[in-house]
Amino acid sequence: MTNGSVIDMTQYMLALYRDYAAPIPPERTEQVWAGVNALGDKLADAGAFVFKGGLNGGPDSATVVRQSGGDFVITDGPYAETKEHLAGFWIINAADLDAALEWAKLAAAAELRPIEVRPLFDGDLDDAIRASAPGAQ
Amino acid sequence: MTVEAVFRREYGRCVATLIRFLGDIDAAEEAVQDAFTVAIARWPSEGQPPNPGAWIVTTARNRAIDRLRRESIRDERHAQAHLLYGADAQATDHNAPAQEETVPDDRLRLIFTCCHPALNQPAQVALTLRLLGGLETPEIARAFFVPEATMAQRIVRAKRKIRDTRLPYRVPAEAELPARLQPVLSVLYLIFNEGYAATADSLMRLDLCAEAIRLARVLAELMPDEPEAQGLLALLLLLHARSAARVADDGSLVRLAEQDRQLWDRNLIAEGQAIVRACVQRGRPGPYQIQAAINAVHSVAPSIEKTDWHAILTLYDQLYALTPTPVVALNRAVALAEVRGPAAGLSAVDELRSSGLDKYYLFHASRAALLRRLGRTTEADAAYATARSLTANPVEQAFLDAQRATLN
């Protein structure tokens, strides 16, 4: 929780999800490219940009590695069987969730797709492990 | 005033202020509960302080600082040391009288945090009742017919999301306010409706209506320039004014048309009407204000026949223009039947069939009542039967059964 006066930043992931069976119509791809590039400039100008990545290929390009006993099982396909898959992401700096949501609105408008906003963990790793343990408060 | 009464009145305000000091909801709740424990031990013998709320805030803050100091010595946690310095600095810098520590905005911040759109609505409702209303988790669970463990989990999850995502603790800026106020109003209205819908087996239930009105009053006081916050309060007051007339001695539901209007609470009505008048003068209508105005018209009518249905129909037209939902259209059709007769009303109702409203028991119940007035008894009976199959509420079921029984 923040009261907005403190200027320390949290990193958030803005994750882009898409349904690969429903591509953006070709006549709108120009618009998306222009919008996404403009957003990149805006993030950079605001000092909010950390990193971005676009995934190459759809869920078909995904491979899952699982440890099973002492062995590893490698399977073809994405981890979750859903309609919409992770397609790319930004890592940004923002003062709080509201600030991150403002960037996400711009991203959703540029991409013409929904954006999931997730905070990155910014404390020590022990806390992260404890927080994710079953029954943790 | 008993400690319990102080608790009910001051809990939300104290927690809101402590959250600002400590930056953490759980720590704030713990500190305020500690302070009330001290109050229970001391007040009976030492007497109640002149400003009990400010005393609780000061005591809670001192306890929290002590606790953080102990914990930071014990495990040298940087985060807590940092928090401690922050809280300490604030305490010594200001050194202000206790009263001034309760910034009026704190509860407003807390309302907007509890009803942030990043939280789902059940979580918004639970957090609002817990943090602003000071209700215990088991009470909230019982009120919403949810297992206690489920409700506890819901609250824990919501608090964790607030912490992990750094959900801000502030009143939204002017530009965001219309959008951000919406979920706040919805949450309070939903709490009220939850209490209003329960009648028969409501003995074990918390008085959710009274709680919703208390919170709506806080919101209306904190946001005097938001006409919809005023409108919501007026609407709840006017609806609540009828509660004694709404339920018969046997627990069955009494419709507006059959209510004994002598039982309506004149004080609540007068308060609601005064707010509606002020809203009309302000001239910035919204859905809650219009619904309040509709109920204000009902509240001055001596009977259902002598109600100004023309005024009500006009208000429903305005409401439909702002929120064109099938439910508003259905209510408008019912008003139309009073102005132009049951046949006109029925054809307006029938036009709504394709809107998805035919899954809604009130659609069929309204049709049934109009068919009955037109003497189309067989069709009315079938419509009552359909309505009966679409509601799980025993009070509504009993009402529909009674209507069917008197058809012939």
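One table, with the values for the structure above:
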{"item": "Yes/no for B:Ala321 being surrounded by fewer than 22 Cβ atoms within 10 Å (Cβ to Cβ) and closer than 30 Å to B:Pro224 by Cβ", "result": "yes"}
{"item": "Conditions (1) touching a residue at least 60 places away in the same chain (Cβ under 8 Å); (2) within 29 Å of B:Pro285 (Cα to Cα): number failed by B:Val334", "result": "(1)"}
{"item": "Residue in the stretch B:269-283 that is outside any helix (DSSP H, G or I) and surrounded by fewer than 17 Cβ atoms within 10 Å (Cβ to Cβ) present", "result": "yes"}
{"item": "A:Leu43, sole failed condition from (1) within 30 Å of B:Thr17 (Cβ to Cβ); (2) modelled with pLDDT of 90 or more", "result": "(1)"}
{"item": "Out of B:Arg166, B:Arg130, sole residue that is under 29 Å from B:Ala292 (Cα atoms) and without any contact (Cβ under 8 Å) to a residue 60 or more places away in the chain", "result": "B:Arg130"}
{"item": "Cβ pairs under 6 Å, 6+ apart, first in the stretch B:139-161 and in contact (Cβ under 8 Å) with a residue 40 or more places away in the chain, second of a type in the set (Val, Ile, Thr)", "result": "B:Lys159/B:Ile25"}
{"item": "Members of the stretch B:348-371 that are assigned to a helix (DSSP H, G or I) and hydroxyl-bearing (Ser, Thr, Tyr)", "result": "B:Ser354, B:Ser355, B:Tyr361, B:Ser366"}
{"item": "Tally of residues being more than 14 Å from chain A (Cβ to nearest Cβ) and outside any helix (DSSP H, G or I) across the stretch B:24-69", "result": "5"}
{"item": "Residue among A:Ala38, A:Ala21 that alone is aliphatic (A, V, I, L, M), out of contact with any strand residue (DSSP E or B) (no Cβ under 6 Å at 6 or more places or on another chain), part of a loop (DSSP other than H, G, I, E, B) and in contact (Cβ under 8 Å) with a residue 12 or more places away in the chain", "result": "A:Ala21"}
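Residue-by-condition table, conditions (1) over 21 Å from B:Leu357 (Cα atoms); (2) in the same structural domain as B:Ser355 (by TED's automatic domain parsing); (3) of a type in the set (A, V, I, L, M, F, W, C); (4) touching a Leu at 6+ places or on another chain (Cβ under 6 Å):
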residue	(1), (2), (3), (4)
B:Ser299	yes, no, no, yes
B:Ala311	yes, no, yes, no
B:Thr314	yes, no, no, no
B:Asp317	no, no, no, no
B:Tyr320	no, no, no, no
B:Thr323	no, no, no, no
B:Pro326	no, no, no, yes
B:Arg332	no, no, no, no
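The values are calculated or read from the model by the stated rules, or taken from the named source; none is laboratory data. Fair warning: this is a prediction, and the values are worked out from it, not measured in the lab. Every residue, glycine as well, gets a Cβ built from its backbone with ideal geometry; the counts of neighbours run over all protein chains shown.
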